[in-house]
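K.L.:
Got a structure for you, questions after.
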Amino acid sequence: MTVLLSVEDIEVRYGAIKALKGVSFEVNEGEVVALLGANGAGKTTTQKTVSGMMRPSLGQIVYDGYRIDGIPPHELITLGICHVPEGRRVFPRMTVNENLEMGAFRFKRPDAAVFEHVLELFPRLRERIKQPAGTLSGGEQQMLAIGRALMGKPRLLLLDEPSMGLAPLIVKQIFDIVRGINSEGVTVLLVEQNASQALALADRGYVLETGEIVLTGTGAELLADDRVRAAYLGEEIAS
Amino acid sequence: MSAPKRTNPRTESLKRLVSCLLASLVVALMWGPQEGSFGNFWFGITQSIFKPRVLVFLALGVVLFLVISFWPKVVPYLTRPGVGPLVSGGVTVLAAQTLMHWGDGIGDSKFGTVATAVSNTPGIAPLTKAFFGWLCWVMLAVIFVLAALAIVRGIKVLAWVAAGLSLVAAVIAYVAHHSVVTYAHLLDHSLGVYVEIIGYLVIITAAVVTALSSAEMAEGRVAVNRVLGWRPGLPLVVLGLVVGLLAFASATWFSPQNFNATMSDTHERFRGTGLAPLAVQYLIWLGWTLFAVTTLVGAAAAYLRNRVLGWVAAAGGAISVVLTLITIYDFSKLAGQLHVDSATGPWQNLGAGGWMACGAFFLIGAGGFIAATAHGSVREALARAADSDVVASGRAASTQFLSAPGAMRSGIMLAIAVALFYPPTATGFWQSVLVSEIGIYVLLAIGLNVVVGWAGLLDLGFIAFYAIGSYTTAYLVGSLPIKPPSWLHMSPLLAIPFAVAICLLAGLALGAPTLRLRGDYLAIVTLGFGEIIRIVAVNADGVTNGSRGPDTQVPHPVIHLGPIHITWGLNQLQYWYLLLVFVVIVLLAFRRLENSRIGRAWAAIREDEVAAQATGINTFQIKLLAFAIGASTSGLAGVFFASQVGFFNPDNFVLNNSILVVAYVVFGGMGSLPGAMAGAALLTWLPEFLKDQVPAADRQMWIGAVVLAMMIFRPGGLLPARRRAIELRGFDGAGSQPRAVPASEGM
Ligand SMILES: Nc1ncnc2c1ncn2[C@@H]1O[C@H](COP(=O)(O)OP(=O)(O)OP(=O)(O)O)[C@@H](O)[C@H]1O
Ligand SMILES: [Mg+2]
């Protein structure tokens, strides 16, 4: 198994605030890796740093053998790093169709096969193809955001809390689709609050706490871990 | 939680009544003199309020109150087919009979003045007397009431009657005006009668729409679109027919000092003077024949939807325009050589006739062109449009303005015809307004629209680039204290690429450090930049000659290209056409840009910058590009300005102008090219128009009122861009489509 992404001891600051204090983790080619953590732990910051929206003040990020920290997002996307930012962020006044086309901005023209594939993954988008994205429901917008990222033909897909604010049934649908995308060979770095679903899906997971990795293991291990259960699944610690 | 406050309907309507009456008092104040003196501070107010005229305004207030109170009852009628055209037609006629000029040379030449003059003139035709005395008002009232009744009650016969009466009214108005002009031997440039005729034509449309409407076309716009789209191209041909008839039968073709000659008179006048045979034949029969043939072919092409005929009509129209131009050139040139009644030479002393004929031929040709290029039947096109847009906007596309097949292009063609052939018939004053106010600001607004409308960056220092363009030109032509090296000394038109390049660099230089700022900060920084440029221009005496501006005149443009020699002088028309070329080039380029990758990237950044970044847009670079493109357009306008006025100074580049351009773009509809142009044109035209209508001191107030009304009733601007329209209407407005989803899907 080859390492696709390796984050090495990065420190990220917002002015004086240190959001990440030396975070290291690895993502292997073809894996789903989950980043868990409480609010404000630094999950979003980690993803933004990987996708190039922020630059680390210390440490380095290596992707596919190249050092990528400090490279802006519009260049990273050409390497196949596609980011679905937190809170969906579709283009509300553009139609679903236009949103998907924007996802393929890095290409001269959108790939029709990929477009068709996205609409197969998300049939609801096909029904609403000419509707402004702002009129979609929350779940549909999340699907659109993921579909838009897929239009960029990702090799590494960064998903930031895809389950945020969605009903359990939809969360399950979306996670199923993520699994499908992964099985097609796309590596996924998933940020989640919804630990049980995320860990059920993930090959491995990392737990962040105030800017540091405190726990790591396979999905199953973490799911069985008392601390995780206590903190994220709201269970009483037995002992 | 406190219980919601219960409102008593009676106090509610009392409040409303009081507001309406107060509003009417405000309007009364606005209409009155805005004056006062130390002796009588209250002069303006007493004149406005304590005079019987205030009763009229209070009555208007009551009407307003009634309208608002019974609005829910009125609304269902408002969407009936024909209401829109009826109201706009009525208002147009009313405006023609109150505000417009009806005969240049009679006092202030407004309708009222002309009417008084007519009533004091004995031997004038009784019909004319009646028209100016009472008939015009009675006709308008009767027609309006009849048409309104027809619409409200759905009586088709009445609608046809109203249409017929409107036609009669238009003819009477025309005859009456004509008899005044011929009786008084006026050199007439007034437009009142034409506006009145247009108003009646609009009312006729309303009536016809009403008469033809069926349940299928329950909404007004659908019906209007159906009528306009019935045969694409036909409306233009009909319009061309009307204009052409006026041109050939009665308009003035040649008007030196002391007489007005129609086309046949012109022929008489030039008989035996050695006028070129082509022009002679044109004046005798060729003009009429061309007109008849192109009209017939154009109408047939539109009616039969025949491509070949359409192209024939288009070619015929084009050839006829050229022949008409040759004819009027020939006889005006000859008149200058022979000093006919102190005529001054080529293109001078022409009446409106020749230009109207050109316009008519152009419209007919354009109608043929549209007929030749329109695809499919109306029903199909409407279905297609509805299919593609109904979900997107939540309203059937067929209800959108000018969505009928060919309607948009007909509108564009009409605009081109007006832009080409109206200015030569305008007075010198309006020609200079067209060039140095309307034209230049349209160009500036198109440029700023890229920055404000498309990229969403508020730039309050836009005029600085205009200044840089002007000063660069002045430098390159050697009008500044510092002289360019001799190899760089050039004529103004050659300066264009340099000025544009320098403005582009200036745009980059300002943008690069500041575009990382957001919203308000960017606005403040650009505002500062604008002022810095102006202050540098004032103070860098050795370079810019300070507040006096360039010390020698910036020469007018010249073109020497092989056999082509064009020298621009003091004739504003020449500048108008030069400006038109600039505007068209910029427009074509920007239209491509709007639909390009870059255009889409701007739209994405405007909507959500983070998401735009996430989809791989280099947001900084793309914003910088918008800034630079806007700046270089402004620079182009600067070159034009400098070489047109010759002398300018830093006062031409004050902050106020920057703000005005922003206002034009917002007023017209941010992000929409036609909107920006219409906004700039309307708001630069309005102050000049108001010069005649209201005291000078009141002008700004009226403009403010117009802008305010616009922002209340059409917050998206005159012609909003599609996306912006959705934004402002909100998604709820868009979502009239039910989006209920079965519970099992639960999304
Ligand atoms: N733009 C910013 N400026 C200053 N501080 C920030 C900024 N964005 C995030 N932070 C801080 O960085 C820390 C990590 O934030 P981050 O958004 O990465 O958390 P998160 O793990 O994604 O939380 P959540 O689960 O709530 O989304 C927080 O303490 C937050 O206050
Ligand atoms: Mg987060």
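The values are calculated or read from the model by the stated rules, or taken from the named source; none is laboratory data. Quantities reported herein were computed from a predicted structural model and do not represent experimental measurements. Don't worry about glycine lacking a Cβ; one is built from the backbone with ideal geometry, like all the others, and counts go over all protein chains shown. What goes into the accessible areas is simple: the full protein's heavy atoms, side chains included, and nothing from ligands, DNA or RNA. Shrake-Rupley method; radii C 1.70, N 1.55, O 1.52, S 1.80 Å.
K.L.:
Can you give me the number of residues within region A:129-154 that are more than 7 Å from chain B (Cβ to nearest Cβ) and of a type in the set (D, E)?
P.N.:
The total comes to 0.
K.L.:
Can you find, within region A:172-188, the residue that is farthest from A:A41 (Cα to Cα) among those that are more than 14 Å from chain B (Cβ to nearest Cβ) and either open to solvent by 50 Å² or more (accessible area, probe 1.4 Å) or within 15 Å of ligand 2 (Cβ to nearest atom) (or both)?
P.N.:
A:E184
K.L.:
Another question, then. Can you tell me which of (1) among the charged types (D, E, K, R); (2) loosely packed, with under 14 Cβ neighbours inside 10 Å; (3) modelled with pLDDT of 85 or more is the one B:R534 doesn't meet?
P.N.:
Single failed check for B:R534: (2).
K.L.:
Further, regarding this structure: Checking the condition assigned by TED's automatic domain parsing to the domain that holds B:H556, within 29 Å of the chain's Cα centre (by Cα), outside any helix (DSSP H, G or I) and crowded, with 17+ Cβ neighbours inside 10 Å, which residue from B:L460, B:L480, B:L443 passes?
P.N.:
That would be B:L460, the only listed residue that is assigned by TED's automatic domain parsing to the domain that holds B:H556, within 29 Å of the chain's Cα centre (by Cα), outside any helix (DSSP H, G or I) and crowded, with 17+ Cβ neighbours inside 10 Å.
K.L.:
Report, by residue number, each residue of region A:48-77 that is within 14 Å of chain B (Cβ to nearest Cβ), within 16 Å of ligand 1 (Cβ to nearest atom) and more than 17 Å from the chain's Cα centre (by Cα).
P.N.:
If the condition is that a residue be within 14 Å of chain B (Cβ to nearest Cβ), within 16 Å of ligand 1 (Cβ to nearest atom) and more than 17 Å from the chain's Cα centre (by Cα), then A:R55 is the only one that fits.
K.L.:
Out of the strands (runs of 3 or more DSSP E) lying entirely within region A:1-64, which hold 1 or more residues that are within 16 Å of ligand 2 (Cβ to nearest atom)? Talk me through it step by step, then tell me what you get.
P.N.:
Working: elements: A:3-14, A:17-28, A:32-37, A:58-63.
So the answer is A:3-14, A:17-28, A:32-37.
K.L.:
Another question, if that's okay. If you go through region A:197-222, how many residues are among the hydroxyl-bearing types (S, T, Y), within 11 Å of A:A34 (Cβ to Cβ) and more than 15 Å from the chain's Cα centre (by Cα)?
P.N.:
The initial filter retains those residues of region A:197-222 that are among the hydroxyl-bearing types (S, T, Y), namely A:206, A:210, A:216, A:218.
Now drop any that are not within 11 Å of A:A34 (Cβ to Cβ), which leaves A:206, A:216, A:218.
If we keep only those that are more than 15 Å from the chain's Cα centre (by Cα) as well, we get A:216, A:218.
Matching residues across region A:197-222 total 2.
K.L.:
Which condition does A:G80 not pass, out of (1) within 15 Å of ligand 1 (Cβ to nearest atom); (2) open to solvent by less than 40 Å² (accessible area, probe 1.4 Å); (3) more than 25 Å from A:L222 (Cβ to Cβ), if it passes all the others?
P.N.:
Unmet for A:G80, out of (1) within 15 Å of ligand 1 (Cβ to nearest atom); (2) open to solvent by less than 40 Å² (accessible area, probe 1.4 Å); (3) more than 25 Å from A:L222 (Cβ to Cβ): (1).
K.L.:
Of the residues that sit in region A:78-96 and are touching a strand residue (DSSP E or B) at 6+ places or on another chain (Cβ under 8 Å) and facing another protein chain (nearest Cβ under 7 Å), which one is nearest to ligand 2 (Cβ to nearest atom)?
P.N.:
A:P85
K.L.:
Here's another thing I want to ask about it. Looking at region A:189-211, which of the residues that are open to solvent by 50 Å² or more (accessible area, probe 1.4 Å) and within 16 Å of ligand 2 (Cβ to nearest atom) is farthest from the other protein chains (Cβ to nearest Cβ)?
P.N.:
A:E209
K.L.:
Could you tell me which of the residues B:T295, B:T344, B:T327 is β-branched (V, I, T) and over 19 Å from B:T425 (Cα atoms)?
P.N.:
Result of the check over B:T295, B:T344, B:T327: B:T295.
K.L.:
Then there is this: So A:R126 fits all but one of (1) away from ligand 2 (no atom under 16 Å from the Cβ); (2) at the interface with chain B (Cβ under 10 Å from one of its Cβ atoms); what number is the exception?
P.N.:
(2)
K.L.:
Looking at B:L625, B:L593, B:L578, B:L587, which one is at negative phi, in contact with a Leu (Cβ under 8 Å, 6 or more places away or on another chain) and more than 12 Å from chain A (Cβ to nearest Cβ)?
P.N.:
B:L587
K.L.:
Let me ask you something else. How many residues are open to solvent by 10 Å² or more (accessible area, probe 1.4 Å) and within 15 Å of ligand 1 (Cβ to nearest atom) when one looks only at region A:18-41?
P.N.:
7
K.L.:
Something else now. Of the numbered conditions (1) free of Cβ contacts under 8 Å to residues at least 40 places away in the same chain; (2) surrounded by fewer than 18 Cβ atoms within 10 Å (Cβ to Cβ), B:F498 fails exactly one; give the number of that condition.
P.N.:
(2)
K.L.:
Still on this structure: Would you check if there is a residue in region B:230-248 being of a type in the set (G, A, S) and either modelled with pLDDT under 85 or open to solvent by 40 Å² or more (accessible area, probe 1.4 Å) (or both)?
P.N.:
No - not one qualifying residue is present in region B:230-248.
K.L.:
Within region B:548-649, considering only helices (runs of 4 or more DSSP H) that don't extend past its boundaries, which have at least 2 residues that are within 24 Å of B:M677 (Cα to Cα) and either modelled with pLDDT under 90 or open to solvent by less than 60 Å² (accessible area, probe 1.4 Å) (or both)?
P.N.:
Values: elements: B:572-594, B:597-607, B:609-614, B:619-645.
Output list reads B:572-594, B:597-607, B:619-645.
K.L.:
For region A:137-144, indicate whether the set of residues that are crowded, with 23+ Cβ neighbours inside 10 Å and in contact with a Phe, Trp or Tyr (Cβ under 7 Å, 6 or more places away or on another chain) is non-empty.
P.N.:
yes
K.L.:
Exactly one condition in (1) at pLDDT 90 or above; (2) open to solvent by 30 Å² or more (accessible area, probe 1.4 Å); (3) small (G, A, S) is not met by B:A184; state its number.
P.N.:
(1)
K.L.:
In addition: Having 2 or more residues that are within 16 Å of ligand 1 (Cβ to nearest atom) and hydrophobic (A, V, I, L, M, F, W, C) is the bar; report the helices (runs of 4 or more DSSP H) wholly within region A:120-232 that clear it.
P.N.:
Where helices (runs of 4 or more DSSP H) fall fully within region A:120-232 and carry at least 2 residues being within 16 Å of ligand 1 (Cβ to nearest atom) and hydrophobic (A, V, I, L, M, F, W, C), they are A:195-201, A:226-232.
K.L.:
Can you name the residue in region B:596-610 that is in contact with a helix residue (DSSP H, G or I) (Cβ under 7 Å, 6 or more places away or on another chain), among the hydrophobic types (A, V, I, L, M, F, W, C) and without any contact (Cβ under 8 Å) to a residue 40 or more places away in the chain and is also farthest from the other protein chains (Cβ to nearest Cβ) among such residues? Lay out the reasoning, then the answer.
P.N.:
Keep residues of region B:596-610 that are in contact with a helix residue (DSSP H, G or I) (Cβ under 7 Å, 6 or more places away or on another chain), which gives B:598-605, B:609.
With the extra rule that they be among the hydrophobic types (A, V, I, L, M, F, W, C), the set shrinks to B:598, B:601-605.
Now drop any that are not without any contact (Cβ under 8 Å) to a residue 40 or more places away in the chain, which leaves B:598, B:601, B:604.
On the way: B:I598: 11, B:A601: 7, B:A604: 5 Å.
The extreme case among them is B:I598.
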